[in-house]
Every structure is written in C-alpha cells, then in structure tokens.
Amino acid sequence: MGRAPKLSQHERGKVEVLSTAGYRVKQIADVVKRSRKIIMNFLRHQEKYRTRKSSGRPSKLNDREKG
C-alpha cells in the first residue's frame, strides 16, 4: 500500500481554520476527507510540514553545465 499525497496548500488552510474554530481531529479529517493521522501530524509539526528536501539521485550536471 502506497502513501497518500501530502496535504495541499488549500487543505492545510482548511485544517488550520477548522482547528482554531475548535473542531476535533476526527471532525477535521471527515470534512477534509483525509486520514486522522495526516491531520494530527500536520497540526503537531506545521512549521516543518513539507520542508524536507527530496533525497533523490544527485545530478551529474553542475549549474554551469545546465546552462
């Protein structure tokens, strides 16, 4: 089973608004139609959410060679 996509910027805004309005995590998950776990992770680590750089294969070309 694969991972679900990260929360979009629109979904993140919606989660923040609902959270400040006093909604519980389950209620927010039902409204946004995402798992409770992703909602909890976002609310716990909002400042770090989607900031980790992708760890892919390093490029063979440097900036000068790219043009």
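Here the simple spin-label model places points 7 Å from the Cα toward Cβ, and for Ser54 and Lys26 these points are separated by 3.7 nm. Rg over Rh for segment 8-48 works out to 0.90, both radii taken from alpha-carbon positions and Rh defined as the Kirkwood radius. Subtracting the Cα-Cα distance of Ser8 and Lys37 from 0.36 nm times their residue separation leaves 8.9 nm of extension gain.
Each reported figure results from applying straightforward, stated rules to the coordinates on display, with no laboratory input. A quick note: this is a predicted structure, and the numbers were derived from the prediction, not measured. Because the Cβ atoms are built from the backbone with ideal geometry, glycine has one as well, and the counts that use them run over all protein chains shown.
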